[in-house]
Amino acid sequence: MNFDLNSEQIQIQDSFARFFADGAKKHSRTLKNSSNNSSELCLAAAEMGILAMLFSEGNGGLYSSPTETMIAMEEIGKSLCNIPLTEIAYACRILDKSDDFVGKDELIASIISGEKTIAIAFDEFNNRSNGAIVKTNENNGVINGVKTNANAGFDYFLINAKMANGEIGIFLIKGDANGLHIKNYITHDTSAKCNLHFENVAAVKICTDAKIISYSADFATIALCYEATGMMRMLTNLTTEYLKTRNQFGVPLSSFQVLQHRAVDMLIETEQAFSIAIYASLLLDNSDVEARKIAVSNAKLRVNNAAKFVSQQAVQLHGGIGMTDEYIGAHYFKRLTLFCNMMGDNYFHLNRLNLEKDILEI
Amino acid sequence: MELEFTAEEMAFRDEVRNFIETEMPKDVAFKMANDRELEKQDFIKVHRKLYEKGWATAHWPKECGGADWTPVQRHIFGEEMQRASLPMPLEFNANMVGPVIAHFGSKEQKEKFLKPTASLEIWWCQGFSEPGAGSDLASLKTTAVRDGNEYVINGQKTWTTLGHFADWIFCLVRTDPNAKKQKGISFILVDMNTPGIEVRPIITVEGNHEVNEVFFDNVRVPAENLVGEENRGWDYAKFLLSNERFGIAKIGVAKQRMQRIKNYAQTPDANGEKLWDDALFRARFIQVASDIKALEITQLRILAKQQGHDSDAPDPLTSMLKIKGSELQQATTELLLEIAGKDGESPQIREIYKTGNQDFEWLDAVASSYFNNRKLSIYGGSNEIQHNILSKAIMGF
């Protein structure tokens, strides 16, 4: 039993911390235009080897464990760097394990090098099933439907679509495909998103194995949880420092016990969230699929609860300043709020746990 | 990063499991598993077996009868005992006064007390809290005045857990009334049979006799019973309390209770319906279960850090284990109470129904255990005190 990073991982952590802090200079979620020229950020991330970490050796990658990606995600969270690595990782983990198709090796090589970008586009409007029910459909290699919340400006998307036999398949789409109409918008956390309208768009089927899809979803869910724990850690620290420096009634706010205890509760929530994210990350590659699913849904539930508490209390303890766009904490608050709905909200994960045979492994 | 225990640690776990399975009294485990009160002999039976195996005080220094266990071994032992619904070696002996005597006691005190303390020939109780000194322990007023070769003790202790079973009591007493608060306190050992001591029961909210008041009226104690130096008792008490927090989260107990909750909820009721099939109930169950899992890992993270640094030094994060551990245990007793519903309203319910059906053996203790477990967030330094500790030590307030 050991929860320390090894020396190589510590080096990786140092260099990722610098990389994302640097990237956040232009692409911080505190900036309205943080998504401008985000392709240069993706290229730089690829040059750091971050994309290679998502592909196994057989595909020319460097994948050894989920931990390296989780380290990157935590630093993304801390720095507020606007890079959708969760959606990228989701797509890459599927692609790594997908069926063979013409041009697969070349595609993966171009993603690892940063020449091309890829992300998943699974969401649909007014559909809260987190991928279980899909209205977008495929017939004879042709896609029709609408995907929402896709990452704008990407070269490729993986989408899920209902096939003629009623099952769900994963399809590779070129971002500039004929018949694909794109509507761009910016979300509250300054993510550049878009809706993809498919009108008889040609697509390549790359995967129909539900096991691979659910594994990749779980991988991306825990990656996202690490981003959230990074944010919570920063937010707890920011709040602690603020309480020490802000004076009211002639004394620092940190001298009031009610505020001290609330800050301690933020710390406890953050540590609990971090613990369960670690646990789930260590089970991602476990052969016991049921144990993995339980761990992942437990983690997302627990981290969601922590994210709500920590982000709300951070705003509360900062008072008026916590409400301002100018203050960095407000941007952690917004991103953590959107986080709760990403990769399955509490209702989704409660329901998924409900379906498992043995919720409580002892 | 590695979640699994090492091969040696797994082998140790198997050895503990096997020992528990073959040597531990099943009747005691049955009582504990149903949240019933234990009798004096129940504690003694379990403790003596562990003592013979060398496990009752395995975390003591080796020269004092310890076994040099690593923090992980100590954790595994605790988890397995809790998993099997067994009481730990008597805390007052094994975790409190024993280590204090081992570290700070005189040669004579070690010779006189260590062995019978380890074997539970002497049953110790704790004389710290007073009516006016709870969370603010250092404001205690019980005095010990030197008179020749004796100290004369006057005052009152309270919340003395299982004091009615005890042979000896270890007390914090004020030996210098003029010194500032913590400075004038000493740590002294007192035979409960000494004239002038009176033990009066306190019946707690669930109706059980677990704690007591202990009155001292001119109790004369040999001066050689003072541990360490006069007026340094506060330091020894802090050392003792840091030991107390080890394993305080009692995650094994919470997990065992969750397993029971699940079993009971899956048992069909008179209408053939199961509470387990109620999605709202399961949602509550899952929320508690995920928090328990998180705390288990938090505990292992703290443990791995101690193991890595080969240190028993108290980590202020253990205050977090106390806060969350007590809250989650209370949450499990609350869930049990909900499952029992109105059937769990009387402590005599077992006598009334006498179904002979072991499925309902648990009903009578459900409410008592819920009431009693409210103490968890109060004792051992209340959860609010633990927040204060974290405020200072971690947040730097």
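No value in this document is a laboratory result; all are computed from the given coordinates. These numbers were taken from a predicted model, which means no experiment stands behind them. Because the Cβ atoms are built from the backbone with ideal geometry, glycine has one as well, and the counts that use them run over all protein chains shown.
Computed from backbone phi, the HN-Hα couplings of segment A:124-138 come to 9, 5, 6, 9, 9, 7, 6, x, 6, 10, 10, 8, 4, 10, 10 Hz, rounded to whole numbers (Karplus: 6.51 cos²θ - 1.76 cosθ + 1.60, θ = phi - 60°; Gly and Pro given as x).
As an exercise, use a Förster radius of 51 Å and the Cβ-Cβ distance of A:Lys244 and B:Glu8 to find the FRET efficiency, rounded to the nearest 0.05. Display every interim value, and only then the final one.
Working: r = 45 Å, r/R0 = 0.89.
Working from the Cβ atoms, E equals 0.65.
Evaluated with a Cβ-only charge set (Lys, Arg +1; Asp, Glu -1), segment B:169-209 carries a dipole of roughly 340 debye about its Cα centre, given to the nearest 20. Using C-alpha pairs under 8 Å with a sequence gap of at least 6, the mean separation divided by the residue count of segment A:118-208 gives a relative contact order of 31 percent.
How fast does the protein assembly as shown diffuse by Stokes-Einstein, in µm²/s, taking the Kirkwood radius from C-alpha pairs at 25 °C and 0.890 mPa s? Provide the component values of the computation, followed by the final result.
Details: Rh = 29.0 Å.
Roughly 85 µm²/s, to the nearest whole number.
Return the percentage of antiparallel bridges among DSSP beta bridges fully within chain A, rounded to the nearest 5 %. Taking every DSSP beta bridge within chain A, about 85 percent pair in antiparallel fashion. With R₀ fixed at 56 Å, the C-beta to C-beta distance from A:Asn140 to A:Val258 puts the FRET efficiency at about 0.30.
Between B:Leu50, B:Leu280, B:Leu162, the GNM of chain B built on Cα springs shorter than 10 angstrom shows B:Leu280 fluctuating the most.
Counting pairs of alpha carbon atoms under 8 Å apart in space and at least six apart in sequence, what relative contact order in percent does chain B give? Write out the running numbers ahead of the final one.
Details: 610 pairs, mean separation 54.2, N = 397.
Once normalised by length, the contact order is 14 percent.
Counting other beta carbons within 10 Å of each Cβ, put A:Cys194, A:Cys42, A:Cys340 in order, fewest first.
On the way: A:Cys194 21, A:Cys42 25, A:Cys340 18.
Placing the least packed residue first, the sequence is A:Cys340, A:Cys194, A:Cys42.
Couplings 3J(HN,Hα) for segment B:126-140, derived from phi with the Karplus relation 6.51 cos²θ - 1.76 cosθ + 1.60 (θ = phi - 60°), are 9, x, 10, 5, 9, x, x, 9, x, 4, 8, 4, 5, 8, 4 Hz, where x marks Gly and Pro. Binning all Cα-Cα separations of chain B at 10 Å, short to long from zero, yields these whole-percent fractions: 4, 21, 31, 26, 13, 4, 1, 0.
Reported to two decimal places, what Rg/Rh ratio describes chain A when computed on Cα atoms with Rh from the Kirkwood expression?
Details: Rg = 20.6 Å, Rh = 21.1 Å.
Rg divided by Rh gives 0.98.
Which order do the peptides A:147-158, A:252-263, B:68-79 come out in when sorted by mean C-beta neighbours inside 10 angstrom, highest first? Could the numbers behind the result be given before it?
Values: A:147-158: 22.0, A:252-263: 17.7, B:68-79: 19.4.
Order by mean packing, descending: A:147-158, B:68-79, A:252-263.
Using a cutoff of 8 angstrom between alpha carbon atoms and counting only pairs six or more residues apart, the relative contact order for segment A:7-113 works out to 35 percent.
Database remark: amide H of B:Tyr151 closer than 5 angstrom to the amide H of B:Val221, B:Ala223 (H placed geometrically; neighbours at sequence offset of 5 or more, or on other chains; Pro and chain starts carry no H).
Ordering B:His59, B:Gly381, B:Asn18 by the projection of their Cα atoms onto the charge dipole of chain B, which places +1 on the Cβ of Lys and Arg and -1 on the Cβ of Asp and Glu, puts B:Gly381 at the extreme positive end.
Summarise the partner chain shielding of A:276-287 as one whole number: the mean count of Cβ atoms from other chains within 10 Å of each residue's Cβ.
Working: counts 8, 2, 7, 8, 2, 2, 5, 1, 0, 0, 1, 0.
What the average comes to for A:276-287 is 3.
When the charge dipole of the protein assembly as shown is built from unit charges on Cβ atoms (+1 for Lys and Arg, -1 for Asp and Glu) and taken about the Cα centre, the candidate among B:Val214, A:Leu350, B:Ala166 whose Cα reaches farthest toward its positive end is B:Val214. Percent of C-alpha pairs per 10 Å bin in segment A:7-113, short distances first: 15, 46, 30, 9, 0. Would you kindly calculate the translational diffusion coefficient of segment A:215-282, applying Stokes-Einstein with the Kirkwood radius from alpha carbon pairs, for 37 °C and a viscosity of 0.692 mPa s, and quote it in µm² s⁻¹ without decimals? Here the translational diffusion coefficient equals 245 µm²/s. Shown for segment A:118-208: lysine pairs separated by 8 or more places, or found on different chains, whose C-alpha atoms are under 13 Å apart, numbering 8. The convex hull of the Cα atoms of segment A:118-208, projected and averaged over all directions, covers 5.5 nm². Looking at segment B:93-175, the DSSP beta bridges with both ends there are about 55 percent antiparallel.
If you take each beta carbon of peptide A:298-305 and count the beta carbons of other chains within 10 angstrom, what is the mean?
Details: counts 8, 3, 1, 7, 6, 2, 0, 4.
Average neighbour count from other chains, rounded to a whole number: 4.
The angle separating the long axis of helix A:257-283 from the principal Cα axis of greatest extent in chain A is about 30 degrees.
Its Cα gyration tensor gives segment B:25-66 an equivalent ellipsoid; the semi-axes, largest first and in whole Å, are 25, 9, 8. Taking B:Tyr353, B:Tyr264, B:Tyr151 in turn, the Gaussian network model of chain B (Cα-Cα springs below 10 Å) assigns the largest fluctuation to B:Tyr353. Can you give me the angle between helix A:328-339 and the longest principal axis of chain A, using Cα atoms only, in degrees from 0 to 90, rounded to the nearest 10? For A:328-339 against chain A, the angle is about 40 degrees. Once both labels are positioned 7 Å from their Cα atoms along Cα-to-Cβ, the gap between B:Lys181 and A:Ala109 label points is 7.2 nm.
Only Lys, Arg, Asp and Glu carry charge here, each on its Cβ (+1 for the first two, -1 for the last two); on that basis segment A:211-354 has a dipole of about 140 debye about its Cα centre. The value given for segment A:211-354 is a Kirkwood hydrodynamic radius of 15.9 Å, derived from the mean inverse Cα-Cα separation. Solvent-free Debye calculation, one equal scatterer per alpha-carbon of segment B:89-201: log10 I(q)/I(0) at 0.24 Å⁻¹ equals -1.51.
Each stretch of four or more DSSP H residues adds -39500 (n - 2.57); spread over every residue of the protein assembly as shown, this sum gives -15500 deg cm²/dmol at 222 nm. Rounded to the nearest 20 debye, the dipole magnitude of the protein assembly as shown is 1580 debye, with +1 charges on Lys and Arg beta carbons, -1 on Asp and Glu beta carbons, and the Cα centre as origin.
Taking R0 as 30 Å, what's the FRET efficiency between A:Ile328 and B:Lys238 from their Cβ-Cβ distance, rounded to 0.05? List each step's numbers first, then the result.
On the way: r = 40 Å, r/R0 = 1.32.
Given R0 = 30 Å and the Cβ-Cβ separation, E is 0.15.
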